[in-house]
Structures are given as structure tokens and as C-alpha cells.
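Asks: Let me give you the structure first, and then I'll get to my questions.
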Amino acid sequence: MYSADIIIEALINGLLTGAIYALVALGLTLVYGVLHIINFAHGALLAAAMFAVLLTNQVVGLDPYVQIPFLMVIFFALGYGLQRLVIGPASHGRDENILLVTLGLSIVIENLLLAGFGSDTRSLNTDYSFAVFEVGPYLLGQARVFGAGGALATAALLWLFLSRSDTGKAIRAVAKEKIGASLQGIDVAHVYAVTFGLGCACLAVAACLLLPTFYVNPKIGSAYVLVAFTIVVLGGMGSIVGAMLGGLIIGAVESMSGLFLGESLGQIGIFVIFILTLLLKPTGLFGAKA
Amino acid sequence: MLEVTGLVAGYGSTEILRGIDLRVEAGEIVAVLGSNGVGKTTLNMVLSGLIEPRGGDIRFDGRSLKGTSPAEIVAAGLIQVPEGRRIFPNMGVRENLELGSYGRARKNRAKNLEKVFDTFPRLKERIGQFAGTLSGGEQQMLAIGRGLMAEPKLLILDEPSLGLSPLLVEEMFALIERLNGAGLAIMLVEQNVVQSLELASRAYVVENGAVALSGDAATVAADPELRRTYLGL
């Protein structure tokens, strides 16, 4: 059996990682909540963002954290353009088409990454990648602490934007009442594109926060998206609070099952939760009833 | 102010509107009457730009609305309070009203919010509540209040009395009269023939996607065919 200190330390580290998972899930749940589609390209876009961080670091020498504001804006624009110019027009207003278009996009993006970077797994080392904070008896990876702080700050900013700004309110209005929103002069196509852009901006921030400790390859997205999807289901489809809380829970569960079952089985806890949620509370913690 | 000529529209292969002609002048209440399924709501959706017309023309304030987006139509001052209210259930009363000024009169938001609360003191009492938890009558007030936030030149009300108790229906029609008294042009789309004709200056009766009867409200009310069909007399 492990000592209490080891368990608590693993729990805290799990929560820290969970906060970044939550940010990935946030983008997914936001797009689902407003456009009512699962964005299958979410993982591939995350991988693309991670490669962008890596490349910028190697070419320009910018620290991943310094890249956050730039990459966020670029990925917002990318997401906006994708929805407005590709996904929206190609779907002709049918949800099942949107699914296929995002699936197709993910294949295109992954293969572009493969062609550009090869299939090797890469990582980015910073001065703080292996540094730790000593908090009492616990050792916490600095990059994880920064990552969690950045993820929570981003989530708080997004929440402020959605609850205070006119555009944010328009997004929430479109999520529940498209026709009612149109009749107030809200341009639904624009709101969809802004939402998709915000989802991509979340990914850009997550990529900057992940890279100091996590590796990247063109297929990495699917690993995160499986976890993110579990978080979204656990938290309730479309719920932002649910995604945040779900992320923290999943991070803790992953860390605990890793500790007790061994690293290779760490993710088993996540999928047990996934199945249990679907069996016992399909609407998730904060989900609306269908 | 609003002039519709030969309007044709539909969904897929189904034609709903088969050449509608009507007009609304400044300061009027015009009733558009007809039973369920004659195309009244489709007409409103076309006027608000949510469905593209297949033929005919819509002119508002001297310019054609054909090919304009819903947002541009709102910006021009043609505001619709839709059937079924279509308020934002997941948002508070204040946020619903604020979004009423999303596409028009945003600068006057604070002032108009006060005006709406003066008109509907009930909404002020409910200000922090989620719109989805309001009663049917309160939701209808909210939908109309949201419409007024845009400082409409012409307000289209689609079935404002639907689902309300007789007492609330009285209240609703009194309110419509008050709004019109303040100079607002209103197109009242209703199944409630008797009360609508008492209020309106002119009326159109729509049947099967076309105007079957039109004229002064009094003339329309006296029409023997209308009395037989809608009033059972």
C-alpha cells in the first residue's frame, strides 16, 4: 500500500492534468452545445496546434506560454474560417453531413501533419519541463501547475465572455433557440463560426499548456479526444461547468488508476467512468434532459 | 410602410403561399386572420427573411426586402414576435430583453429596458428568473418586450393570444391597443377573429395561401361568408 502522501500527491497531479483535459473538453462541449454536432476534427486540430507550438518554438525560439495569445488568435481565425467556408457550406444544413465533413477534415489534417512532420513522436523541452514546486511534503511539476493555472484562467475568461458580452449572449441564445435568435437580428451562421473559432482557440491554449510536459505526434489527437469525450459525457453534453468539473474528476481518476493499476492501465478508470455514466446517468452531471 | 405583392413561398415541393397581396400603413393595426395551416406563420417567416420567397415582392419603408438577411430586416425596423414566443429559456429575463436590442437600437438599450419594465411591471419582478420558468402569459409579455427593445417601426405579432386564459387575452389585446396608440404600426396575425376585428382598422382573411377577403375591419366583420365560417353564425 502507498503512503497517504504519495496518494495525495498523485491526486493533486491528476487534478492539474485534468484541468488541461477540461480545456480540450470545453472546446468540444461548446461546439456541441451550440451547433449540436460532435466535432470529429477536434483531436486533429489539437495535434495541429501542438505542432504549431513545436514549430514556432524551434524556428522562432518562442516559449510555449508566450505563444498563447498569438496561437489563440490564429486558431480562432482558423476555426471561424473552417466553419464559415468549409463545414457550413458543405453540410447544407444537415447535421449528419456536418459529422462527415468534420471526420473528413480530421483525416486531411492528420495526413497533412504526417506529410509535414513524419510519424515520429516529438517533445519540446523547456527549462521548467522537469522542474518541481515543493509544497509541503508534495512535489508538483511546475509545467503542470502552470498548465492548470492557464487552463482555469482560460475557462474563466470564456465564461465571462459568454455571460457578459453581447456576442456571448448571442451564442447562448442560438444554442437553445435558433429562430428566436434570428428574429433579434442575430446572424446564426456568424455565431456558429465564432463558436467553432472559440473551440479551436481553446485547443490552441491547451496545446501551449500541454507541450512542456506531453509529447506530440500526428495521431496524438485521438488520445485526447477520447478523454475529452468522456469528460463531455460525464459533465453533460454542452455544459461548460460540467466540462470543467468532469475534467478534474477524470484527471484525478486517471492518476489514481495509474497509481494503483500501473501506468499502462491508467486510462482504464476513465472508460469505466464513461460506461458507468452512460448506464446510470446518461445526461451527465449538468446535462439537460433530452 | 409594408407592401406585399403576389407573394409565393413554400417548403420543398409544397406551395404554401400562392400569391398574397397585403399592405400595412404607418400607425395602423392590420389583422391577418385565418385558421390553422392557411400559411399565416409561413408569411411571417418570409417577411422576416427566414424563408426565401419564390415569387412576388416585399417592400418595407420604400425598399425591397427580397434577398435581404433576417439581420438586415431587423435592422430596418421590421420586428416579429413569433408564434410560440421563442424566448431563450436558458437565459434570464434581463438577458432576453437585452438581446432584443442586438440587431437594432443597441445604444438605447438602458432607456428601452426601463420602458419595457414600465409597460410590464411583472417582468421587472421576474428579472433574475430564467425565462423558461415563467408562466405562459409572462413568456408572451417577455416576447413582446423583447420585440419592443428593437424600437420597431412595424411589429408583427404572431398569435399573441395563443394558449392564454380569456382574462389574459383581454389584457393582451388592451396592450396591443396601447402600443398602437403610441404610434406603433402593428400587423396582428391571429386565429381569434372576433377580438382582432374589434381592434384592427383593416383586415385580411387568408385561406389556402391566398387572401380570400380584405377591407375595413367593420366590412370584413359584416361579411356573411366570414360570419358563417369563423363565427358559426
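Asks: Pull up the stretch B:138-179, narrow it to residues that are more than 16 Å from the chain's Cα centre (by Cα) and outside any loop (DSSP other than H, G, I, E, B), then point me to the one that is nearest to the other protein chains (Cβ to nearest Cβ).
Replies: B:138
Asks: Hey, another quick one. So which of B:127, B:87 is part of a loop (DSSP other than H, G, I, E, B) and more than 14 Å from chain A (Cβ to nearest Cβ)? Explain how you work it out, then say what you get.
Replies: Values: B:87 fails: more than 14 Å from chain A (Cβ to nearest Cβ).
One residue alone meets the criteria, B:127.
Asks: Out of B:40, B:115, B:66, which single residue is away from chain A (no Cβ under 11 Å) and within 20 Å of residue B:142 (Cα to Cα)? Steps first, answer last, please.
Replies: Numbers: B:40 fails: within 20 Å of residue B:142 (Cα to Cα); B:66 fails: within 20 Å of residue B:142 (Cα to Cα).
Only one candidate qualifies: B:115.
Conditions (1) in contact with a Lys or Arg (Cβ under 8 Å, 6 or more places away or on another chain); (2) surrounded by fewer than 21 Cβ atoms within 10 Å (Cβ to Cβ); (3) assigned to a helix (DSSP H, G or I); (4) not aromatic (Phe, Trp, Tyr), marked per residue:
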residue	(1), (2), (3), (4)
A:30	no, no, yes, yes
A:37	no, yes, no, yes
A:45	no, no, yes, yes
A:54	yes, yes, yes, yes
A:80	no, yes, yes, no
A:86	no, yes, yes, yes
A:90	no, yes, yes, yes
A:93	no, yes, no, yes
A:102	no, no, yes, yes
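Asks: Go over the candidates A:157, A:152 one by one and state the one that is assigned to a helix (DSSP H, G or I), surrounded by fewer than 20 Cβ atoms within 10 Å (Cβ to Cβ), out of contact with any Gly (no Cβ under 9 Å at 6 or more places or on another chain) and touching a residue at least 60 places away in the same chain (Cβ under 8 Å). It would help to see each step written out before you state the result.
Replies: Numbers: A:157 fails: touching a residue at least 60 places away in the same chain (Cβ under 8 Å).
A:152 is the lone residue from the list that is assigned to a helix (DSSP H, G or I), surrounded by fewer than 20 Cβ atoms within 10 Å (Cβ to Cβ), out of contact with any Gly (no Cβ under 9 Å at 6 or more places or on another chain) and touching a residue at least 60 places away in the same chain (Cβ under 8 Å).
Asks: Can you spot a residue in the stretch B:128-141 that is of a type in the set (Val, Ile, Thr) and in contact with a Lys or Arg (Cβ under 8 Å, 6 or more places away or on another chain)?
Replies: Residues of the stretch B:128-141 that are of a type in the set (Val, Ile, Thr), as a first pass: B:133.
Those left that are additionally in contact with a Lys or Arg (Cβ under 8 Å, 6 or more places away or on another chain): none.
Within the stretch B:128-141, none of the residues are of a type in the set (Val, Ile, Thr) and in contact with a Lys or Arg (Cβ under 8 Å, 6 or more places away or on another chain).
Asks: Let me ask another. Looking only at the stretch B:103-112, how many residues end up being over 20 Å from the mean Cα position of the chain (by Cα) and not charged (D, E, K, R)?
Replies: Number of matching residues: 2.
Asks: For the structure I just gave you, tell me whether residue B:185 is surrounded by fewer than 16 Cβ atoms within 10 Å (Cβ to Cβ) and either within 14 Å of another protein chain (Cβ to nearest Cβ) or small (Gly, Ala, Ser) (or both). Spell out how you get there, then give the answer.
Replies: On the way: surrounded by fewer than 16 Cβ atoms within 10 Å (Cβ to Cβ): no; either within 14 Å of another protein chain (Cβ to nearest Cβ) or small (Gly, Ala, Ser) (or both): yes.
It is false that residue B:185 is surrounded by fewer than 16 Cβ atoms within 10 Å (Cβ to Cβ) and either within 14 Å of another protein chain (Cβ to nearest Cβ) or small (Gly, Ala, Ser) (or both).
Asks: Residue by residue through the stretch B:101-122, note down the ones that are basic (Lys, Arg) and over 17 Å from residue B:175 (Cα atoms). Talk me through it step by step, then tell me what you get.
Replies: As a first pass, look at the stretch B:101-122 and keep what is basic (Lys, Arg): B:104, B:106-107, B:109, B:111, B:115, B:122.
If the condition is that a residue be basic (Lys, Arg) and over 17 Å from residue B:175 (Cα atoms), then B:104, B:106, B:107, B:109, B:111 are the ones that fit.
Asks: Is it the case that residue A:126 is within 16 Å of residue A:197 (Cα to Cα), modelled with pLDDT under 95 and either of a type in the set (Ser, Thr, Tyr) or in contact with an Asp or Glu (Cβ under 8 Å, 6 or more places away or on another chain) (or both)?
Replies: On the way: within 16 Å of residue A:197 (Cα to Cα): no; modelled with pLDDT under 95: yes; either of a type in the set (Ser, Thr, Tyr) or in contact with an Asp or Glu (Cβ under 8 Å, 6 or more places away or on another chain) (or both): yes.
No: the conditions fail for residue A:126.
Asks: Return the only residue of B:104, B:109 being of a type outside the set (A, V, I, L, M, F, W, C), closer than 18 Å to residue A:169 by Cβ, within 8 Å of another protein chain (Cβ to nearest Cβ) and surrounded by fewer than 24 Cβ atoms within 10 Å (Cβ to Cβ). Lay out the reasoning, then the answer.
Replies: Numbers: B:109 fails: within 8 Å of another protein chain (Cβ to nearest Cβ).
Selected residue: B:104, the only one of B:104, B:109 that is of a type outside the set (A, V, I, L, M, F, W, C), closer than 18 Å to residue A:169 by Cβ, within 8 Å of another protein chain (Cβ to nearest Cβ) and surrounded by fewer than 24 Cβ atoms within 10 Å (Cβ to Cβ).
Asks: Let me ask something additional. Would you check if there is a residue in the stretch A:133-143 being over 17 Å from residue A:42 (Cβ atoms), touching a strand residue (DSSP E or B) at 6+ places or on another chain (Cβ under 9 Å), assigned to a helix (DSSP H, G or I) and without any contact (Cβ under 8 Å) to a residue 24 or more places away in the chain?
Replies: Checking the stretch A:133-143: at least one residue is over 17 Å from residue A:42 (Cβ atoms), touching a strand residue (DSSP E or B) at 6+ places or on another chain (Cβ under 9 Å), assigned to a helix (DSSP H, G or I) and without any contact (Cβ under 8 Å) to a residue 24 or more places away in the chain.
Asks: To continue, here is another question. Please state which one of A:18, A:27 is within 10 Å of the chain's Cα centre (by Cα) and modelled with pLDDT of 95 or more. Before the answer, list the steps.
Replies: Working: A:18 fails: within 10 Å of the chain's Cα centre (by Cα).
Selected residue: A:27, the only one of A:18, A:27 that is within 10 Å of the chain's Cα centre (by Cα) and modelled with pLDDT of 95 or more.
The values are calculated or read from the model by the stated rules, or taken from the named source; none is laboratory data. Keep in mind that what you see is a predicted model, and the values were worked out from it rather than measured. So basically every Cβ, Gly included, is an ideal-geometry build from the backbone, and we count neighbours across all protein chains shown.
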